[in-house]
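Novice: Below you'll find the structure I mean.
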Amino acid sequence: MPRDYYEILGVSKSAPSDEIKKAFRKLAMKYHPDRNAGEASPEAEAKFKEAKEAYDVLMDDQKRSLYDRFGHEGVKGSAGGGFGGGSAFDIFGDIFGDIFGGGRAQSHAQRGADLLYQLTLTLEEAALGCTKEIEIPKHATCKTCEGSGAKKGTSPITCKTCEGYGQVRMQQGFFSIQQTCPDCHGNGKIIKDKCSDCRGHGVVKIKKTLNVKIPPAIDTGERIRLTGEGEAGLRGAPAGDLYIQANISQHPIFQRDALDLLCEVPISFATAAIGGEIEVPTLEGKATLKVPAETQTGKTFRIKGKGIHSPRHNHTGDLFCRIHVETPVNLTSGQKKLLTELEQSFKKADNKHMPKQSSWIEAMKKFLKK
């Protein structure tokens, strides 16, 4: 008595078709005579045919229904041994299509490649938004042949070798291998009279000028996608996309941190000591910064809302000003005399005007006594 088909494939009676297909593929790869290395070829071939018979029935809804109701008698005559009603081409095209490159009728249209353009922007352009004109070298569909690659008034013909599939199968004993058609090189079509402009490629090299709108608050590394502005597709397929990647150039004053701006502000010794007001730059113009007395180098002040505004997040960053107390240079003799007198007055006051220096000197003395 023939073995149960579900038992042969090792699946349950409620198994879906994809599970059945997977189970058969596993057995076929194991018992195929050309791949089997552990058993004698006749035994392996018999197991393969048994699995194929079970597969033919269980993958056909009508046959499977009859088999579930009446057993082998219900499908007697319709589940013959061997390859049943199909050919080796059908079996390996369906079962091993994912291994050898797909099913029989492939589409030879190929989407165009995406392009990447590196766009350098100033900080102001990136922060406020702008429109930039760029020139893109790319392949575009040939207007003369409208992308067919054939001479105007003619058309490509179907390849007779692969009958338009772009793939051919080489039979080696019991095993079938799918390969790219050697005559049409996978296109499925052959061009006898090539277009003089694109030389049969269907695309030509051009330079296209585009006006790209840069949104406010764009940052380095962010991309803008222009759909369909990439390389032209082949044989009627859509074009790829163009990606504009922003690169923000170094600014002479500001550093950027997301939506915040940072700048270093040099101030005089006198301003640091007694305090005062200074002007600092912003993207919108000037702003006044109040510097309190006794400000030290490294002190950072925040001016709220003077960073970069992002419409996308409805948020505006801040401006951070880092103070740098500048030591005066190129002093005159009179200035040196004044500073010497000032230094002497500090010493007479027991260095109470220079607390950090005083504490450092004390720490140094203790260290040197060890």
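The values are calculated or read from the model by the stated rules, or taken from the named source; none is laboratory data. Quick caveat: nothing in here was measured; it's all calculated off a predicted structure. Here the Cβ positions follow ideal geometry from the backbone for every residue, glycine too, while neighbour counts run over all protein chains shown. What goes into the accessible areas is simple: the full protein's heavy atoms, side chains included, and nothing from ligands, DNA or RNA. Shrake-Rupley method; radii C 1.70, N 1.55, O 1.52, S 1.80 Å.
Novice: Find the residue count for the range 285-329, including only residues that are within 39 Å of the chain's Cα centre (by Cα) and open to solvent by less than 90 Å² (accessible area, probe 1.4 Å).
Specialist: Of the residues in that region, 16 qualify.
Novice: Report the residue count in the range 140-163 for those that are assigned to a loop (DSSP other than H, G, I, E, B) and either at negative phi or in contact (Cβ under 8 Å) with a residue 40 or more places away in the chain (or both).
Specialist: Final tally of qualifying residues: 16.
Novice: Does Gly129 meet the test of being open to solvent by less than 40 Å² (accessible area, probe 1.4 Å) and modelled with pLDDT of 85 or more?
Specialist: In short, yes.
Novice: Which condition does Asn36 not pass, out of (1) modelled with pLDDT under 80; (2) part of a helix (DSSP H, G or I); (3) open to solvent by less than 60 Å² (accessible area, probe 1.4 Å); (4) within 25 Å of Ile177 (Cα to Cα), if it passes all the others?
Specialist: Among (1) modelled with pLDDT under 80; (2) part of a helix (DSSP H, G or I); (3) open to solvent by less than 60 Å² (accessible area, probe 1.4 Å); (4) within 25 Å of Ile177 (Cα to Cα), the lone unmet condition for Asn36 is (2).
Novice: If you don't mind, another one. Report, by residue number, each residue of the range 265-284 that is under 22 Å from Ile308 (Cβ atoms) and surrounded by 14 or more Cβ atoms within 10 Å (Cβ to Cβ).
Specialist: If the condition is that a residue be under 22 Å from Ile308 (Cβ atoms) and surrounded by 14 or more Cβ atoms within 10 Å (Cβ to Cβ), then Val265, Val280, Pro281, Thr282, Leu283 are the ones that fit.
Novice: Applying the selection to the range 237-248, what residues are in a loop (DSSP other than H, G, I, E, B) and open to solvent by 50 Å² or more (accessible area, probe 1.4 Å)?
Specialist: Pro238, the sole residue that qualifies.
Novice: Answer with yes or no whether Ala140 is farther than 30 Å from Ala258 by Cα, of a type in the set (Gly, Ala, Ser), modelled with pLDDT of 90 or more and open to solvent by less than 90 Å² (accessible area, probe 1.4 Å).
Specialist: Here the answer is yes, as Ala140 does meet what is asked.
Novice: Condition check: modelled with pLDDT under 80, part of a loop (DSSP other than H, G, I, E, B) and loosely packed, with under 13 Cβ neighbours inside 10 Å. Does Gly103 satisfy that?
Specialist: no
Novice: So which residues in the range 218-236 are buried (at least 16 other Cβ atoms within 10 Å of the Cβ), in a loop (DSSP other than H, G, I, E, B) and more than 20 Å from the chain's Cα centre (by Cα), if there are any at all?
Specialist: Arg235
Novice: Could you grab me the full set of residues in the range 249-264 that are of a type outside the set (Asp, Glu), buried (at least 16 other Cβ atoms within 10 Å of the Cβ) and touching a residue at least 60 places away in the same chain (Cβ under 8 Å)?
Specialist: Within the range 249-264, Phe254, Arg256, Leu262 qualify.
Novice: Considering only the range 151-172, I want to know if a residue exists there that is closer than 30 Å to Arg256 by Cβ and either among the polar types (S, T, N, Q) or touching a helix residue (DSSP H, G or I) at 6+ places or on another chain (Cβ under 9 Å) (or both).
Specialist: No, there is no match, as no residue in the range 151-172 is closer than 30 Å to Arg256 by Cβ and either among the polar types (S, T, N, Q) or touching a helix residue (DSSP H, G or I) at 6+ places or on another chain (Cβ under 9 Å) (or both).
Novice: Scan the range 191-217 and report the pairs whose first residue is within 18 Å of Arg235 (Cα to Cα) and open to solvent by 50 Å² or more (accessible area, probe 1.4 Å) and whose second residue is of a type in the set (A, V, I, L, M) and in a strand (DSSP E or B), with Cβ atoms within less than 9 Å and a gap of 6+ or a chain change.
Specialist: Within 9 Å, the pairs are Lys192/Ala150; Lys192/Ile157; Asp193/Ala150; Lys194/Ala150; Asp197/Val204; His201/Leu234; Lys205/Ala140.
Novice: Residue pairs, Cβ under 6 Å, 6 or more apart or interchain, first in the range 1-25 and of a type outside the set (A, V, I, L, M, F, W, C), second open to solvent by 70 Å² or more (accessible area, probe 1.4 Å) and in a loop (DSSP other than H, G, I, E, B). List them.
Specialist: Tyr6/Lys13
Novice: Can you name every residue in the range 252-286 that is assigned to a strand (DSSP E or B) and hydroxyl-bearing (Ser, Thr, Tyr)?
Specialist: Scanning the range 252-286 gives a single hit, Thr282.
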